[in-house]
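This report concerns only the one structure given below.
The values are calculated or read from the model by the stated rules, or taken from the named source; none is laboratory data. In this text, all values refer to a predicted model and were calculated from it rather than measured experimentally. Every residue, glycine among them, receives a Cβ derived from its backbone with ideal geometry; neighbour counts consider all protein chains shown.
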Amino acid sequence: MNTSPTLQWIANSLAKGTADRKNLDNLFPAEAADEAQRFHHQIPGFGATPLRRLSALAAKIGVKEILVKDESLRLGLNAFKVLGGSFAIYKHLQQHHKKEQPLSYDEIRSHKLYPNGEAMVFVAATDGNHGIGVAWAARELGYQAIIYVHQHTSRARIDAITRQGARVVVVSGTYDDAVRQAGADAKTNGWQVISDTSWEGYEEIPRWVMQGYTTMLAEARQQMAAEGIRQPTHVFVQGGVGALAAATVGYFKQLYYDNPPRFVVVEPETAACLYSSCRLADGQPHSFPGKLDTIMAGLACGDPSPLAWNILRDYADIFVTCQDYVAARGMRVYGAPIGDDARVISGESGAVTLGALLTMMQPAYTALRQKIGLDKNARVLIISTEGDTDPEDYLKIVWDGRFPLPENQ
Ligand SMILES: Cc1ncc(COP(=O)(O)O)c(C=O)c1O
């Protein structure tokens with residue numbers, strides 16, 4: 001019987017407040033977000049995803065606002081991840097161009113860069129969504145992609161990658177093993193790795209990936225402004241290797257430097273590398289051992305991205321781990337809205353932040369709520385980072401009630 005608590009949390013004792021902003025300025029200079037937006041807006045058919053305002057749910061659980069960025073509608077790819085991989089490929093190609101004036105999207109597509117047909121192969125390891133994004137972007141820009149997945153990746157996720165024209169290589173072990181294998185094969189064959197996670201000596205591309213995600217955050221800012229909301233008081237974001245969380249924390253910290261929202265980073269209990277790094281509190285990223293067994297496929301990562309960790313260590317407020325049934329409840333609540341709230345189709349990794357918020361509003365978490373001022377005045381921004389990326393598993397949870405709450409909840 002599983003007797004672990006529903007949710008565990010820890011306050012970040014290393015958070016810096018406002019002192020040294022070197023890492024922040026280095027990773028998230030204001031121009032980078034503008035450049036990412038300019039690039040993404042050149043993509044044919046590109047549009048902002050909706051910001052859903054779940055007012056009835058907010059009133060029911062006792063906060064002022066719940067604002068949800070719904071990434072199930074991102075470029076027809078069902079997840080936010082394409083924003084990072086596409087921007088990194090674009091920046092990499094621009095770097096080859098080496099001219100003052102950047103090539104436009106159409107110029108890159110027309111193969112002005114490699115007029116003699118010189119081919120470039122892009123390689124990525126993935127839990128699913130990053131690979132779909134890289135495969136999509138490589139094909140859009142006229143290049144080949146090879147995507148590495150681990151052995152437990154579902155058929156639906158592999159098929160979604162091959163539909164984007166990429167070759168898929170299945171690696172035994174976990175996501176972290178797939179990352180290592182992709183890196184080794186790329187080195188042997190002269191391919192270019194487009195990784196969302198960083199390691200020593202490999203930081204430029206993961207930085208661009210994180211900067212690419214800021215397009216989504218800039219959209220959220222503009223959408224909040226259009227609704228007359230100046231800024232969120234709390235931002236909940238889910239963590240795999242931490243790149244999304246770092247982009248979110250970094251972007252909003254830059255934007256609201258003197259009065260930032262409280263940042264809550266949420267992970268599965270069985271793949272909690274960021275939470276563990278916070279708990280060990282020596283300032284270093286630490287790997288999380290084990291099989292990383294969770295329904296939250298996109299968050300099943302044991303090795304934090306060091307580049308991302310540096311930002312989270314300095315500016316995240318709270319790290320949280322959750323049981324799988326917390327994510328499953330989030331999916332069901334999104335799928336069965338109350339009042340005039342919109343329905344959001346949210347997958348396991350997408351819905352865990354709402355699940356965590358719902359759990360935190362229970363009496364057992366009063367101390368946590370007090371610590372971060374999560375009360376009736378809170379305007380909470382959450383990102384539903386994916387839709388039903390595994391449609392069969394989605395229905396098993398939302399229709400058939402798999403991963404129910406335990407009796408005592
Ligand atoms: C849907 C979804 N949400 C969140 C994440 C977490 O992103 P990161 O690995 O950058 O922490 C992922 C990663 O693949 C994902 O697929």
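Under the condition of being farther than 18 Å from Tyr90 by Cα, out of contact with any strand residue (DSSP E or B) (no Cβ under 6 Å at 6 or more places or on another chain) and not β-branched (Val, Ile, Thr), the residues counted in region 186-197 number 3. Filtering region 128-150 to residues that are over 18 Å from the mean Cα position of the chain (by Cα) and crowded, with 24+ Cβ neighbours inside 10 Å leaves Ala138, Ala145, Ile147, Tyr148. Against the test of being part of a helix (DSSP H, G or I) and out of contact with any Gly (no Cβ under 9 Å at 6 or more places or on another chain), the options Thr353, Thr321, Thr366 yield a single qualifying residue, Thr366. Would you check if there is a residue in region 256-271 being assigned to a helix (DSSP H, G or I) and either surrounded by fewer than 17 Cβ atoms within 10 Å (Cβ to Cβ) or under 13 Å from the mean Cα position of the chain (by Cα) (or both)? No, that holds for no residue.
Taken together, the criteria place Ser72 among residues that are of a type in the set (S, T, N, Q), at pLDDT 85 or above, out of contact with any Pro (no Cβ under 6 Å at 6 or more places or on another chain) and assigned by TED's automatic domain parsing to the domain that holds Gln222. More than 11 Å from the ligand (Cβ to nearest atom), without any contact (Cβ under 8 Å) to a residue 12 or more places away in the chain and not in a helix (DSSP H, G or I) - does that describe any residue in region 225-248? So far as region 225-248 goes, yes, one or more of its residues are more than 11 Å from the ligand (Cβ to nearest atom), without any contact (Cβ under 8 Å) to a residue 12 or more places away in the chain and not in a helix (DSSP H, G or I).
Do any residues in region 78-92 that are β-branched (Val, Ile, Thr) have Cβ atoms under 6 Å from those of residues that are in a helix (DSSP H, G or I), where the two are at least six apart or on different chains, and which pairs are they? Close Cβ pairs (under 6 Å, with a partner that is in a helix (DSSP H, G or I)) amount to Val82/Gly133; Val82/Trp136; Ile89/Ala137.
Residues in region 83-103 that are under 24 Å from the mean Cα position of the chain (by Cα) and not hydroxyl-bearing (Ser, Thr, Tyr): Leu83, Gly84, Gly85, Phe87, Ala88, Ile89, Lys91, His92, Leu93. Within region 195-202, one or more residues are surrounded by fewer than 20 Cβ atoms within 10 Å (Cβ to Cβ) and within 16 Å of the ligand (Cβ to nearest atom).
Helices (runs of 4 or more DSSP H) fully within region 88-194 that include at least 1 residues being in contact with a Lys or Arg (Cβ under 6 Å, 6 or more places away or on another chain): 129-141. Suppose we keep only residues that are touching a Pro at 6+ places or on another chain (Cβ under 8 Å) and of a type in the set (S, T, N, Q) within region 293-316. Which one would you say is surrounded by the most Cβ atoms within 10 Å (Cβ to Cβ)? Among them, the one singled out is Ser305.
Looking only at residues of region 281-315 that are within 12 Å of the ligand (Cβ to nearest atom) and of a type in the set (Gly, Ala, Ser), we find that the one that is nearest to Thr214 (Cα to Cα) is Ala308. Residues in region 382-396 that are more than 15 Å from the ligand (Cβ to nearest atom) and touching a Lys or Arg at 6+ places or on another chain (Cβ under 7 Å): Lys396 alone. Tyr105 satisfies every condition listed in (1) outside the structural domain of Ile345 (by TED's automatic domain parsing); (2) away from the ligand (no atom under 16 Å from the Cβ); (3) surrounded by 21 or more Cβ atoms within 10 Å (Cβ to Cβ); (4) over 21 Å from Tyr175 (Cβ atoms) except (3). Among the candidates Gln95, Gln37, single out the residue that is away from the ligand (no atom under 16 Å from the Cβ), among the polar types (S, T, N, Q) and under 24 Å from Val344 (Cβ atoms). Result: Gln37 is the single residue among Gln95, Gln37 that is away from the ligand (no atom under 16 Å from the Cβ), among the polar types (S, T, N, Q) and under 24 Å from Val344 (Cβ atoms).
Taking region 280-306 as the range and being outside any loop (DSSP other than H, G, I, E, B) and over 18 Å from Gln238 (Cβ atoms) as the test, the residues that pass are Leu280, Pro306.
Among the residues making up region 253-274, those that are away from the ligand (no atom under 16 Å from the Cβ), in contact with a helix residue (DSSP H, G or I) (Cβ under 7 Å, 6 or more places away or on another chain) and of a type outside the set (D, E, K, R) are Gln254, Leu255, Pro260, Pro261.
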